[in-house]
Each structure stands twice: as C-alpha cells, then as structure tokens.
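Just so it is clear, none of the values below were taken in a lab; they were calculated from the coordinates. None of these values were measured; they are calculated from a predicted model. Positions of Cβ are backbone-derived with ideal geometry, glycine not excepted, and every protein chain shown enters the neighbour counts.
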Amino acid sequence: MGKPTGFLEFDREMPAKRPVAERVNDYKEIEAPASTERSQKQAARCMDCGTPFCHSGCPLGNIIPEFNDAVYEGNWAYAYQILASTNNFPEFTGRICPAPCEASCVLGINKPPVAIEFIEKSIIEYAFQNGLVKPQVPSKRTEKKIAVVGSGPAGMAAAVQLNKAGHWVTVFERADQIGGLVRYGIPDFKLEKWTVDRRVDVMEAEGIVFKTNTNIGKDLKVASVLADFDAIVLAVGSTEPRAIQIPGWDKYIGNGIYPAMEFLSQQNKRVSNTDRTADHQGEVYKNGEILATDKHVFVIGGGDTGSDCVGTSNRHKAATITQVEVMPRPKFDDKTQPYYKFRDESSPWPAWPVTKRTTTSHEEGADRHWSVDVQAFLGDGHKLTGLQIGDIAMKWEDGKVVRHTENIREVPCDLALIAAGFVHPQQQLVELFELETDERKNIKAVDYQTSNEKIFAAGDCRRGQSLVVWAISEGRECARKVDEFLMGESLLEAKALSMINPQFVGV
C-alpha cells in the first residue's frame, strides 16, 4: 500500500501548530490547515505489511491501508468512499481520537507510525470542501419509527445507520443543541463546533429529525415514547461524575470545587454565544459562572478531560495551573522517548503503550505531578482556599506492598476541577424505563438489547466511559441489532468481532 519505499523516504510529519502565544488568546483549533501534498507524503509511508494490525487497533475496523493508498494515488473520492464505509464521523475522530490504530501500526515497531489520524482528517475535509459529502436519502422507507435518546456520537451514529436502513428516526436531546459531549465537553480549540453543525445539516437532509430541549421523563413522558415508536435507542452517555469524598468536599463543592465537565461546558457555551444558565445535560447551573481567571487552579485527574481543563484555564489567564494524578508517572515520555522506540514488557507492540503523554494544552503551560494524594479541601468556611496533599510511596513491609503518604503539605488553591472520570449514566431515565443495570450501574444490554426487548442501548451508558471512536462503533453495531429486531434481518454493515481486541486499545 502507498509507495513501496515511502516509509524509507519520508519521515512522519504532522501539521504545524499555531504558536502558543497566539492560540491561548482564542478558542480556534490549534492545528493549521495542511496541504494535500503533505497528506499524500504521509500516506505514502503506509507499508505493504501483509497483516495490517491497525485494523485491530481501530474500534471501527477502518480499512486503513486502502484509504492510505487512495490518498497517495490522489484518488480522494475513493479514499472518502473507503473511509465513510466504516466511519460515520471522520471529522470527529480525525481531531480527537487518541489513535489506537497508530499504536498498532506495523511500521511503529521501530519507526514513527503512519500518521493515520491526520490522513483521516485530511480525507474528510477534502470531501466536504469538494462536494463529496452528500445526503444519502433512502430510496424506500420501512415506515418503522425509532426514537434515539441522546445526540452524542453514539446516538448520531445509530441515527445515521437506522435512517440508512429506511426507518424514520427522531433524535431527542435534552440540551439546546445537538452533539452531546462533542458539543459541550470537547473544547473548541480541539474541535470547533461548525464541524458538528455541518454534519447535522447533512443528517437533517437525509430525513433525520432532531428535537432539542426535550428531556424524556420531563418534557415528554416515557409512556408516550414507548407507545409512539417501534424501537428506542438509549445513547445517554455516562454523565455522573466521580466524587472525591474527602474532608472539605461537602462544604466546598460549588464554592471552589467543581466537576470538570461543568467548567468545560460553560466555556463551550461562551464560545457559541448560547444561554449559559443550563449545562450540556439541560440542567440549570447551580453554581453560577466558573472562571479560572487570576486563580490558583488545581486539576485533579491526569486524563484527556484534565488536559482540556488545563487548556481552558490557560485561555482564562489563570494565575497558576497544577495538574495532579494519583497514578505513578509512566516510565516513558512521549516527547523524549517515543513509544515506538522504547516499549517494554508492560506494553509490547501492538498493545496501547503506557507513556507520559504531553498534549497541546500541556505545551501551553502547567505543572504536572504524579503519585499525589489529595487528602483534604481547605477553606475559610465559605470558599475553597487550598488543598492538603501528599506524595504516594509504595513500600515493601512484612511481605507485601503497603501504600504510604509522605511529605504532607498545604498548597493554595482557589479552583479545584475534578477530572476523575464518570461512574455511570444518570439513573433517573434508566429507572423511568424500568431497565436492568449491571454491577457498575450501566444499562445492561446484551448485544445492545436491554431487559425491555424494544429498547436498546449504545455508547458510554452501556459500556462505561470510553472513547469517541468506541461510541461511534457502538452506535453502528446497535443500529444493526435494532434493524434485525424490526425486520428479521439487516443489510447494514457488520463488523467482525475478531476485528476488536480490547488489549490493543487500552480498554
């Protein structure tokens, strides 16, 4: 695939980023547009590896070598056709996917892997700019009606596939705009929201109906949904944030301590100039405006959401930004010791590598610390003023490893953002539909079908908090099961289970 000697002739080269001093003053996307020539050079690096492990690394089973070859040959229409056959929203994954496919790239065994995510973004942007993305209106309708509850990537993917099968699809969203966490969780400097609007326009032209500001159970009775639709897909996400139940939590939550998603969704609303009285879940903000300006910010949690809080705090002009993580610092650094060169037995190829990852937000400035235990939230009785933290040390005692906390100290903090993940979907809707849940309080849905045979579930509400690419995959697979339930069979694309090996994608 690609140019036979391309991986020997061309180095991995990513799009240039806008200078830090410029980008921290706005919320525009960080990467500068790339030329088609650069995309073709990067696609030429895809080697004829025989067994493309990138397929196993991708939750969608994207046909990566084939679309790389098409890009290298300059056949962009064919590249888009290949990509769109497995991925409904390459404009999302091409911007915010951690690219587990690249970790599985055969070239990545001893060289920088193929820049698959960048190529994917290049294909879809070329396709939109050149009129290749067109509404696909079904030639025949089944007259079956389906309600999709939730308009994040899983719900949107399910809606597209079910509409493609000829069913009438209505998507209900309790927030004021479509997109779920892509709209109100991902900062604009990573994914500008015109990309969501552009895709929604295509979906509406295909016949999908969107109803915003509609909270099932409040604005529309569950009994009505059950009576009016032949099948229901719940794609409501995992939105219950993990609390940190330590001294001071109950006193200062809402007075200096805030869930990360409330902080991020407010900023997305500021950028879009929409009403900030309610959050991305349609719930009224109880704590007013949350701003990091001139504050000592602590981001508690070392994942992508924490990184997004860092980038947003930089744009708010925080006085200081510190990010702490309870887990130990990874052995390898993605900047000084790339994982394709310094793997060890903890993450052999093609497994997802355990490395210290430096995001564009970290490049803009933040102090990062690992093995840190937050022991208490401190304040003056009215608002948060500091944290009590300590360093975690693991020691061998009496034949076992014992955790100790050392160097306990107090640090100033005006704003603590909790980016410790989400535990499960909110339970009200699950209870209203009288559905069974698993041991983690996720919706129990074997092969996407819940305890009520006409209700299906997909995405984070079923599998737990995960990646956008997994949400799209779940939506697609769920749609096929719904189609089979309604029609007895399905002609929608199926993905072989053997394509997905969890050990390859870090789940």
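Brief remarks on what is shown
- Qualifying GluC sites (Glu not before Pro) in the range 334-437, DSSP loop, other Cβ atoms within 10 Å at most 12: 345, 434, 436
- Within the chain, percent of DSSP bridges classed antiparallel, to nearest 5: 40 percent
- Using the Cβ-Cβ distance between residue 224 and residue 331 with R0 set to 60 Å, the FRET efficiency works out to roughly 0.60.
- Distance distribution P(r), the range 1-125, all Cα-Cα pairs, bin width 10 angstrom from 0: 14, 47, 31, 8, 0 percent.
- Listed residue (93, 360, 244) projecting farthest to the positive dipole end of the chain, Cβ model: 360
- Lysine pairs in the range 6-129 whose alpha-carbon atoms fall under 19 angstrom of each other, counting only those eight or more residues apart or on distinct chains, come to 6.
- Nitroxide proxy distance, nm - points 7 Å out along Cα→Cβ at residue 245 and residue 36: 5.9 nm
- Rounded to the nearest 20, the size of the Cβ-charge dipole of the range 74-231 about its Cα centre is 240 debye, with Lys and Arg at +1 and Asp and Glu at -1.
- Think of it this way: in the chain, 46, 49, 97, 105, 309, 413, 461, 478 stand alone, with no other Cys Cβ under 4.7 Å.
- Mean ellipticity per residue at 222 nm, deg cm²/dmol - from DSSP H runs of n ≥ 4 across the chain, formula -39500 (n - 2.57): -8500 deg cm²/dmol
- Annotation: the residues 145, 3, sorted from fewest to most other C-beta atoms within 10 Å of their own C-beta, follow the order 145, 3.
- Among 67, 89, the order by Cβ neighbours within 10 angstrom, fewest to most, reads 89, 67.
- The range 287-338: radius of gyration over Cα atoms, expressed as a fraction of 2.2 N^0.38 Å: 1.33
- Within the chain: Cβ-based charge dipole about Cα centre, in debye rounded to nearest 20 (Lys, Arg +1; Asp, Glu -1): 260 debye
- Neighbour-limited loop hits for trypsin sites (Lys or Arg not before Pro), the range 28-128 (at most 15 other Cβ within 10 Å; DSSP other than H, G, I, E, B): 28
- Stretching the chain fully between residue 391 and residue 428 yields a gain of 9.5 nm (0.36 nm per residue, less the alpha carbon separation).
- Sites matching GluC sites (Glu not before Pro) across the range 109-184 that sit in DSSP coil, with at most 15 neighbouring C-beta atoms within 10 Å: 143
- Counting every other Cβ atom within 10 Å of each residue's Cβ, 451, 122, 347 order from fewest to most as 451, 347, 122.
- Tensor-based shape of the range 243-420 (alpha-carbon gyration tensor, a/c under 1.5 rounded, otherwise prolate or oblate): oblate
- Selected from 19, 110, 49, residue furthest toward positive end of dipole (the range 6-129; charges at beta carbon): 19
- Stretched out straight at 0.36 nm per residue, the stretch from residue 401 to residue 345 would grow longer than its current Cα-Cα span by 18.1 nm.
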